[in-house]
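Structure, as structure tokens:
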Amino acid sequence: VQLQASGGGLVQPGGSLRLSCVVSGAFNYIIEMGWFRRAPGKERVLVAVVNSGTNYGDSVKGRFTISRDNAKHMVSLEMNNLKVEDTAIYYCYTDLGGTWGPTGSYWGQGTLVTVSS
């Protein structure tokens, strides 16, 4: 199972970025997909996850929107009104289930988002 994330980069405060992540490999089904982030000197925290519904970290509610394309095994994160404190490495995550193949949590390699003027 591999997770390939894209879309990170440098953006000014108030700007927008879109992250995407594709899950590839042989597996039965995806239970949940989402994003976590680790800011410099801090622990990894929830940004947003999507399963049958969505769940957001408090600091991004109203600014970030997570979406999922089941056919493409892809999760996207639309980030608007970005703030300096959103600067972090963003990690794509998935939780797999099923009666065959790999199950459990898998992580992508991380993509850097830098918000700076």
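The values are calculated or read from the model by the stated rules, or taken from the named source; none is laboratory data. Everything numeric in this text was worked out from a predicted model, so none of it was measured. For neighbour counting, all protein chains shown are included, and Cβ atoms are generated from backbone atoms with ideal geometry for every residue, glycine included. Accessible surface areas use protein heavy atoms only, side chains included; no ligands, DNA or RNA. Shrake-Rupley method; radii C 1.70, N 1.55, O 1.52, S 1.80 Å.
For this structure, a couple of remarks:
- For region 81-90, the candidate set comprises residues that are free of Cβ contacts under 8 Å to residues at least 60 places away in the same chain and more than 15 Å from A48 (Cα to Cα); within that set, the residue that is nearest to the chain's Cα centre (by Cα) is T87.
- Filtering Y93, Y106 for residues that are under 15 Å from the mean Cα position of the chain (by Cα), in contact (Cβ under 8 Å) with a residue 40 or more places away in the chain, buried (at least 20 other Cβ atoms within 10 Å of the Cβ) and not in a loop (DSSP other than H, G, I, E, B) leaves a single hit, Y93.
Each row is one residue, and each column tells you yes or no for (1) over 17 Å from V75 (Cα atoms); (2) more than 12 Å from the chain's Cα centre (by Cα).
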{"residue": "S6", "(1), (2)": "no, no"}
{"residue": "L10", "(1), (2)": "yes, yes"}
{"residue": "R18", "(1), (2)": "no, no"}
{"residue": "V22", "(1), (2)": "no, no"}
{"residue": "W35", "(1), (2)": "no, no"}
{"residue": "N51", "(1), (2)": "no, yes"}
{"residue": "K61", "(1), (2)": "yes, yes"}
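- Restricting the first member to region 2-18 and to residues that are of a type in the set (S, T, Y), and the second to residues that are open to solvent by less than 30 Å² (accessible area, probe 1.4 Å), the beta-carbon pairs closer than 8 Å and six or more apart or on different chains are S6/L19; S6/S20; S6/C21; S6/T111; S16/M79; S16/L82.
- Sole exception among (1) at pLDDT 95 or above; (2) closer than 22 Å to F27 by Cβ for A39, by number: (2)
- Of the numbered criteria (1) without any contact (Cβ under 8 Å) to a residue 60 or more places away in the chain; (2) charged (D, E, K, R); (3) out of contact with any Lys or Arg (no Cβ under 6 Å at 6 or more places or on another chain); (4) surrounded by 15 or more Cβ atoms within 10 Å (Cβ to Cβ), the one R44 fails is (3).
- Meets criteria (in contact with a helix residue (DSSP H, G or I) (Cβ under 8 Å, 6 or more places away or on another chain) and either open to solvent by 50 Å² or more (accessible area, probe 1.4 Å) or free of Cβ contacts under 8 Å to residues at least 40 places away in the same chain (or both)) for S59: yes
- Extreme residue, nearest to the chain's Cα centre (by Cα), among residues of region 24-33 that are surrounded by fewer than 16 Cβ atoms within 10 Å (Cβ to Cβ) and under 19 Å from Q109 (Cβ atoms): S24
- Any chance V75 is open to solvent by less than 20 Å² (accessible area, probe 1.4 Å), touching a helix residue (DSSP H, G or I) at 6+ places or on another chain (Cβ under 7 Å), assigned to a strand (DSSP E or B) and not acidic (D, E): no
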